[in-house]
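Enquirer: Below are the structure tokens for one structure; questions will follow.
The values are calculated or read from the model by the stated rules, or taken from the named source; none is laboratory data. What you are looking at is a predicted structure, and each value in this text was computed from that prediction instead of being measured. Counting neighbours? That spans all protein chains shown, and the Cβs are built from the backbone with ideal geometry, glycine included.
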Amino acid sequence: MLSLTEVSFRYNKRTVLNNISARVESGDCLAIVGESGSGKSTLLKLIFGQMDVDGGSITWNDKPILGPKNKLVVGHDFMKYVAQEFDLMPYTSVSENIGDHLSNFYPEEKKERVTELIKVVELEGYEHTKVQFLSGGQKQRVALARALAKRPEIMLLDEPFSHIDNFKKQTLRRNVFDYLKTNNIACESTSNVDVRARISIGKSYYCT
């Protein structure tokens, strides 16, 4: 379980987040809702350990998530963060991007895993296409599949469908969140999706 307890963060003496509290169980998803500049992406970066909290605490299964003051290498093996910048390898194929961190000692399992995720994000037929030739929406789908490849326990998604057209958005959203639920993967997303809980960032803070 992910637990946020009275999390606060300040930047240049300006309060960005103030006393944010929430809990997310395995298989559940929490939507972070707020206007642009309200601190939604900042909250994800704090959970990922990319920055240090100024107050409160963040834990996963009762173990503290440490920031750069206490942890030299940013990130955690059990957690994947899909940022708005995608962080893909442009000169390699879709399949190579998705399978980049999977072991080559088991080529058949790796191939099956990549094929499975390509179906989840609806990129069949683009397996051998280099990422540099994809549209923004297609790149975003590759980034989602790449993050899922090693079966993380929790996913942090920063506007995961922002580059995807309306024709694909609804089915893709359903595919991804059904996959997370089926595989018991917790999720925090800055996209306003149909989930069990929401937390509002801005003038008021709540979690239901």
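Enquirer: Looking only at segment 39-57, decide whether some residue is part of a strand (DSSP E or B) and aromatic (Phe, Trp, Tyr).
Expert: no
Enquirer: Determine whether segment 36-47 contains at least one residue that is surrounded by fewer than 16 Cβ atoms within 10 Å (Cβ to Cβ) and either modelled with pLDDT under 95 or not β-branched (Val, Ile, Thr) (or both).
Expert: yes
Enquirer: Now, a different point. For segment 1-42, how many residues meet the condition of being within 23 Å of residue 84 (Cα to Cα), free of Cβ contacts under 8 Å to residues at least 40 places away in the same chain and not hydroxyl-bearing (Ser, Thr, Tyr)?
Expert: Residues meeting the conditions: 2.
Enquirer: Which count do you get for residues in segment 128-142 that are loosely packed, with under 15 Cβ neighbours inside 10 Å and free of Cβ contacts under 8 Å to residues at least 40 places away in the same chain?
Expert: Residues of segment 128-142 that are loosely packed, with under 15 Cβ neighbours inside 10 Å, as a first pass: 128, 132-133, 135-136.
From the residues that got through so far, the ones that are free of Cβ contacts under 8 Å to residues at least 40 places away in the same chain too are 128, 133, 135-136.
Of the residues in that region, 4 qualify.
Enquirer: Further, regarding this structure: So, in segment 79-130, exactly how many residues are of a type in the set (Gly, Ala, Ser) and either modelled with pLDDT of 95 or more or more than 30 Å from residue 47 (Cα to Cα) (or both)? Lay out the reasoning, then the answer.
Expert: Of all residues in segment 79-130, those of a type in the set (Gly, Ala, Ser) come to 83, 93, 95, 99, 103, 125.
Next cut, either modelled with pLDDT of 95 or more or more than 30 Å from residue 47 (Cα to Cα) (or both) only: 93, 95, 99, 125.
Qualifying residue count for the region: 4.
Enquirer: Restricting the search to segment 1-35, which residues are under 21 Å from residue 181 (Cβ atoms), among the polar types (S, T, N, Q) and either over 19 Å from the mean Cα position of the chain (by Cα) or assigned to a loop (DSSP other than H, G, I, E, B) (or both)?
Expert: Result: 26, single match.
Enquirer: Any residue that is within 17 Å of the chain's Cα centre (by Cα), surrounded by 17 or more Cβ atoms within 10 Å (Cβ to Cβ) and assigned to a loop (DSSP other than H, G, I, E, B) - is there at least one of those in segment 89-108?
Expert: Checked against the condition, which is being within 17 Å of the chain's Cα centre (by Cα), surrounded by 17 or more Cβ atoms within 10 Å (Cβ to Cβ) and assigned to a loop (DSSP other than H, G, I, E, B), segment 89-108 yields no hits at all.
Enquirer: Residue by residue through segment 132-154, note down the ones that are of a type outside the set (Val, Ile, Thr), under 12 Å from the mean Cα position of the chain (by Cα) and within 21 Å of residue 65 (Cβ to Cβ).
Expert: Correct list: 147, 148, 152, 153.
Enquirer: Moving on. If you take the residues in segment 111-121 that are under 20 Å from residue 182 (Cα atoms) and of a type outside the set (A, V, I, L, M, F, W, C), which one is farthest from the chain's Cα centre (by Cα)?
Expert: Among residues in segment 111-121 that are under 20 Å from residue 182 (Cα atoms) and of a type outside the set (A, V, I, L, M, F, W, C), the one farthest from the chain's Cα centre (by Cα) is 112.
Enquirer: Here's a follow-up. Out of all the residues in segment 147-178, which are more than 16 Å from residue 31 (Cα to Cα), modelled with pLDDT of 95 or more and not in a loop (DSSP other than H, G, I, E, B)?
Expert: The answer is 147, 148.
Enquirer: Still on this structure: If we scan segment 155-165, do we find a residue that is surrounded by fewer than 18 Cβ atoms within 10 Å (Cβ to Cβ) and more than 16 Å from the chain's Cα centre (by Cα)?
Expert: So far as segment 155-165 goes, yes, one or more of its residues are surrounded by fewer than 18 Cβ atoms within 10 Å (Cβ to Cβ) and more than 16 Å from the chain's Cα centre (by Cα).
Enquirer: Quick check: is even one residue across segment 120-134 of a type in the set (A, V, I, L, M, F, W, C), in a helix (DSSP H, G or I) and closer than 14 Å to residue 150 by Cα?
Expert: Within segment 120-134, the subset of a type in the set (A, V, I, L, M, F, W, C) is 120-121, 123, 131, 133-134.
When the remaining residues are screened for being in a helix (DSSP H, G or I), the result is 120, 131, 133.
Next, only the ones that are closer than 14 Å to residue 150 by Cα stay: none.
The answer is no, given that none of the residues of segment 120-134 is of a type in the set (A, V, I, L, M, F, W, C), in a helix (DSSP H, G or I) and closer than 14 Å to residue 150 by Cα.
Enquirer: Taking only pairs six or more apart or across chains, which ones have beta-carbon atoms under 8 Å, a first residue in segment 53-76 that is more than 14 Å from residue 8 (Cα to Cα) and without any contact (Cβ under 8 Å) to a residue 24 or more places away in the chain, and a second residue that is assigned to a loop (DSSP other than H, G, I, E, B) and small (Gly, Ala, Ser)?
Expert: So the pair list comes out as 65/49; 66/49; 68/49; 71/49.
Enquirer: Ok, one more. Within segment 36-61, track down each residue that is within 16 Å of the chain's Cα centre (by Cα) and not aliphatic (A, V, I, L, M).
Expert: Those that are within 16 Å of the chain's Cα centre (by Cα) and not aliphatic (A, V, I, L, M): 39, 40, 41, 42, 45, 48, 49, 50, 60.
Enquirer: Related question: Does segment 168-186 hold any residues that are crowded, with 20+ Cβ neighbours inside 10 Å and over 14 Å from the mean Cα position of the chain (by Cα), and which are they?
Expert: Across segment 168-186, the qualifying residue is only 172.
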